[in-house]
Amino acid sequence: MKLLISYILPPVFTKFIRFILLKSYLPFMKFNDADLHEDEKSQGYKSIYYEVQASNRIKPFFVNVEKLHYFGGIKYTSEKHPFTSYYRNGIGALRNFYENHIPNCIMEKHFLSSKTIYPLKGVDLPWYEVREKKYIYGEKGLNYKHGGQHFGPASDKKIKLEAERLNSLKNSIISHGYRKFFDGFPRGYVLERENNYSIIIVGGQHRVATLIHLGYKKLPIMFSKSYPPIVNINDVDNWPYVKAGIIKKNDAIDIFNSYFM
């Protein structure tokens, strides 16, 4: 039924209906975190990807939190992560991140050096499609001039907003449990290197940091429909930015490998 409704109605209407239903039923729903725990029926990402048709990849796969990465190659369990650092050390740590991590190019975004300086605007991760990227982000009444969440500079209002979001999310999960139908599962995609893999989280980044802070060692992740599901290092010559000659192969490999540190 959910799939039928999603095909018939535009996304904005389905989101509105979902919002109304949640508002109506929230007072009567009992929440628990059962969906955050792996069981004998849980599948790994390879089973979800290779055994299920792309249109039906709606099941989560469980991942050890040590394999989860934020943009820039930052592990969620690392003190480098702005949200993790905030939970451990307060808003000063969050402010320190945005004041000190102000990259000039894609390499610096990943804490890497290179003889080639790639423009900050117009050059994305080397395995993405080559297209003009618009840096017009904003949220909660703050426009793009206040900065984004992945690197600085960021205004004081933006930093306070991130702190408020993290506080609110933590308090909600502690009070109500993890509400799958309200919060949704985090989304990401897989980087593969030899017999190892990492996950880049692209949706639910605050949720992942909060759940790790609350002590979870494994989390359910869903494939994002907006990104390539699996990127393998052996395909480096075919990555769009490498193939187009925009990013040198060695630099592309260094960016990829930053997500395994």
(message) For His101, what residues show an amide H to amide H distance below 5 Å, using hydrogens built from the backbone and excluding near sequence neighbours?
(response) Gly152
(message) Apply the Karplus curve 6.51 cos²θ - 1.76 cosθ + 1.60, θ = phi - 60°, to the phi angles in segment 216-229 and return the couplings in whole Hz, x for Gly and Pro.
(response) 6, 9, 9, 9, x, 10, 10, 5, 7, 7, 9, 9, x, x
(message) Can you compute the FRET efficiency between Asn195 and Val130 using 1/(1 + (r/R0)^6), with r the Cβ-Cβ distance and R0 = 30 Å? Round to the nearest 0.05.
(response) 0.50
(message) Need one number: nm distance between label points at Ser113 and Ser47, each 7 Å from Cα along Cα→Cβ, rounded to one decimal.
(response) 4.6 nm
(request) Of the listed pairs Lys41/Lys75; Lys67/Lys109; Lys115/Lys249; Lys109/Lys157; Lys121/Lys170; Lys46/Lys109, which have alpha-carbon separations greater than 24 Å here? (result) Lys41/Lys75; Lys121/Lys170; Lys46/Lys109
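Values in this text are rule-based calculations from the coordinates and carry no lab data. Remember, it's a predicted structure, so these values are computed and weren't measured experimentally. As a convention, Cβ positions derive from the backbone with ideal geometry for all residues, glycine included, and neighbour counts pool all protein chains shown.
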